[in-house]
1. Just give me the residues in the range 5-47 being open to solvent by 20 Å² or more (accessible area, probe 1.4 Å), over 17 Å from residue 85 (Cβ atoms) and part of a helix (DSSP H, G or I), in sequence order.
2. Does the range 150-166 contain any residue that is closer than 30 Å to residue 18 by Cβ and open to solvent by less than 70 Å² (accessible area, probe 1.4 Å)?
3. I'm trying to understand the selection: among the residues of the range 140-149, which are crowded, with 19+ Cβ neighbours inside 10 Å and more than 22 Å from residue 52 (Cβ to Cβ)?
4. From 67, 109, grab the single residue that is crowded, with 18+ Cβ neighbours inside 10 Å, at pLDDT 95 or above and among the basic types (Lys, Arg).
5. Would it be correct to say that residue 39 is touching a helix residue (DSSP H, G or I) at 6+ places or on another chain (Cβ under 7 Å), within 22 Å of residue 152 (Cβ to Cβ), modelled with pLDDT of 95 or more and among the β-branched types (Val, Ile, Thr)?
6. Could you go through the range 177-187 and let me know if any residue there is free of Cβ contacts under 8 Å to residues at least 40 places away in the same chain, under 20 Å from residue 15 (Cβ atoms) and open to solvent by 20 Å² or more (accessible area, probe 1.4 Å).
7. Working only within the range 48-64, note down all residues that are exposed (fewer than 13 other Cβ atoms within 10 Å of the Cβ) and in contact with a Phe, Trp or Tyr (Cβ under 9 Å, 6 or more places away or on another chain).
8. Can you tell me which residue within the range 77-106, out of those that are of a type in the set (D, E, K, R) and open to solvent by 60 Å² or more (accessible area, probe 1.4 Å), is farthest from the chain's Cα centre (by Cα)?
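The values are calculated or read from the model by the stated rules, or taken from the named source; none is laboratory data. Please read all numbers here as calculations on a predicted model, not as lab measurements. Using ideal geometry, Cβ is built from the backbone for each residue, glycine included, and neighbour counts are taken over all protein chains shown. Accessible surface is based on the protein model in full, side chains and every heavy atom, while ligands, DNA and RNA are left aside. Shrake-Rupley method; radii C 1.70, N 1.55, O 1.52, S 1.80 Å.
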Amino acid sequence: MLGLKLPTDPRWVNIVEKNIDEILTDHAYCEQKAAATAISLIVGFPEYTDLVQEMVALTREEMGHFRMVHDRIIARGQVLGRDRKDEYVLALIKFFPKGGSRTTQLVHRLLYAALIEARSCERFRLLSEQLKDKELAEFYHKLMVSEAGHYTMFLKFARQYGVREKVDQKWQDLLTYEAELMNNLGTKESIHG
């Protein structure tokens, strides 16, 4: 369903289980950054009314997810740690060249967002199926369902605003590029890395 060309090595869950507090902090910031992305799309492309409406709803949802993760951190007797650079996202944004028309820039941002959501969904599925902590596994199952909807929404908008054939080709190229990135990731206690 997600179209990812390289699945996460299931052993990544072993790294997560040894560092639950770290993954929760990273996850909290991922939710916050997803909300910030939605807001930046509103600010950058206000003339796309249907996109703006969806991004308002997404901002609320992602901040709700942030709160849920933050509540879990507090329940574990921890505090939210400091944000770290997301090597995955930093490498991913190097794929498309800067510049181009506003529509091209929008399509590229939507494709990045779709891929980040797809990878998050895939990682949440692994956590939901393999974590020994069944309560946390159930938590990730619920988030997985939500992330799948986000991935398809961003991809739908990219296809709506761009030329479908070109968008689909860019999507496939981005998936191939992302698979190469994933060969060097999956060894840290982070959602994407």
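1. Within the range 5-47, 14, 15, 17, 20, 21, 39, 40, 42, 43, 44 qualify.
2. Within the range 150-166, the subset closer than 30 Å to residue 18 by Cβ is 150-151.
Filter again for open to solvent by less than 70 Å² (accessible area, probe 1.4 Å), leaving 150-151.
Checked the range 150-166: at least one residue is closer than 30 Å to residue 18 by Cβ and open to solvent by less than 70 Å² (accessible area, probe 1.4 Å).
3. 140, 143, 144, 148, listed by residue number.
4. Being crowded, with 18+ Cβ neighbours inside 10 Å, at pLDDT 95 or above and among the basic types (Lys, Arg) holds for just one of 67, 109, which is 109.
5. It is true that residue 39 is touching a helix residue (DSSP H, G or I) at 6+ places or on another chain (Cβ under 7 Å), within 22 Å of residue 152 (Cβ to Cβ), modelled with pLDDT of 95 or more and among the β-branched types (Val, Ile, Thr).
6. yes
7. The answer is 50, and nothing else.
8. By that ranking, first place goes to 102.
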